[in-house]
Amino acid sequence: MITYTVKKNKQSRISFRIAAAIIMLIPAMQITLFILGYGRDHKIVLILCIFLFLYGVYLFIHTLRKSQYDHVYTFDDEAMHVKHKYGEDVIPYGDIIDVNQIIPENENLYSIIHVKTEKDQYVIPFSFKKEMADSVYKLLLEHTTISSLKEEASSEKAED
């Protein structure tokens with residue numbers, strides 16, 4: 001069993017939330033002035049303010065996604081477990097469609113593993129941990145290959 005933790009920066013979430021609040025505040029003031037009767041002839045500015053306000057809402061909602069918080073990945077013999085702020089996801093190895101390892105030119109700096117399932121995609125970064133990335137990638141490849149071979153064998157038995 002391998003456990004790996006990906007830490008996310010809390011300060012970046014806070015700064016995005018502050019930026020989103022500012023981006024929503026300025027157009028909200030302009031829209032309020034328009035409703036009160038000032039600047040009735042500037043309808044294009046009103047439309048731009050509405051879009052800017054909606055972009056601020058999008059930024060704020062984006063900071064609440066589970067990908068913005070710390071993740072703990074646990075790889076055991078049966079499934080990959082992902083613990084995050086909103087609970088835990090259990091991904092059986094049979095549900096994994098594709099596993100890729102992205103290695104840059106200077107492979108000692110970082111490595112990335114991309115795990116694709118039917119519903120989600122998981123990007124697991126490894127900074128200065130090349131050996132850990134290699135061991136996790138080998139484990140994922142072994143278990144996904146074994147589970148796909150089991151599925152093929154069971155489908156062949158069902159056909160017979």
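The values are calculated or read from the model by the stated rules, or taken from the named source; none is laboratory data. Treat the numbers as computed from the prediction; the structure is a model and nothing was measured. FYI the Cβ positions are ideal-geometry reconstructions off the backbone, even for glycines, and counts take in every protein chain you see. Quick note on the areas: whole protein, heavy atoms, side chains included, nothing else; ligands and nucleic acids left out. Shrake-Rupley method; radii C 1.70, N 1.55, O 1.52, S 1.80 Å.
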Subject >> Among the candidates SER155, SER111, SER127, residue that is under 15 Å from ILE2 (Cβ atoms) and either modelled with pLDDT under 85 or of a type in the set (S, T, N, Q) (or both) >> reply: SER111
Subject >> Extreme residue, nearest to the chain's Cα centre (by Cα), among residues of segment 144-160 that are open to solvent by 50 Å² or more (accessible area, probe 1.4 Å) and among the β-branched types (Val, Ile, Thr) >> reply: THR145
Original post:
Mind checking which residues of segment 115-143 are in a strand (DSSP E or B) and either free of Cβ contacts under 8 Å to residues at least 12 places away in the same chain or open to solvent by 40 Å² or more (accessible area, probe 1.4 Å) (or both)?
Top reply: LYS116, GLN121, VAL123, PRO125, SER127
Original post:
If you scan segment 82-108, which residues turn out to be over 19 Å from the mean Cα position of the chain (by Cα) and without any contact (Cβ under 8 Å) to a residue 24 or more places away in the chain?
Top reply: ILE103, PRO104, GLU105, ASN106, GLU107, ASN108
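A quick yes/no check of all residues on (1) out of contact with any Lys or Arg (no Cβ under 7 Å at 6 or more places or on another chain); (2) part of a loop (DSSP other than H, G, I, E, B); (3) exposed (fewer than 13 other Cβ atoms within 10 Å of the Cβ):
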site: VAL45; (1), (2), (3): yes, no, no
site: LEU52; (1), (2), (3): yes, no, no
site: TYR73; (1), (2), (3): yes, no, no
site: GLU88; (1), (2), (3): yes, no, yes
site: GLY94; (1), (2), (3): yes, no, no
site: GLU105; (1), (2), (3): yes, yes, yes
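With respect to PHE75, is the statement that it is touching a residue at least 40 places away in the same chain (Cβ under 8 Å) and of a type in the set (A, V, I, L, M, F, W, C) true?
yes
Could you please give the count of residues in segment 146-160 that are free of Cβ contacts under 8 Å to residues at least 12 places away in the same chain and either under 21 Å from VAL82 (Cβ atoms) or small (Gly, Ala, Ser) (or both)? It would help to see each step written out before you state the result.
Within segment 146-160, the subset free of Cβ contacts under 8 Å to residues at least 12 places away in the same chain is 149, 152-160.
Applying the additional criterion that residues be either under 21 Å from VAL82 (Cβ atoms) or small (Gly, Ala, Ser) (or both) yields 153-155, 158.
The number of residues fulfilling the criteria is 4.
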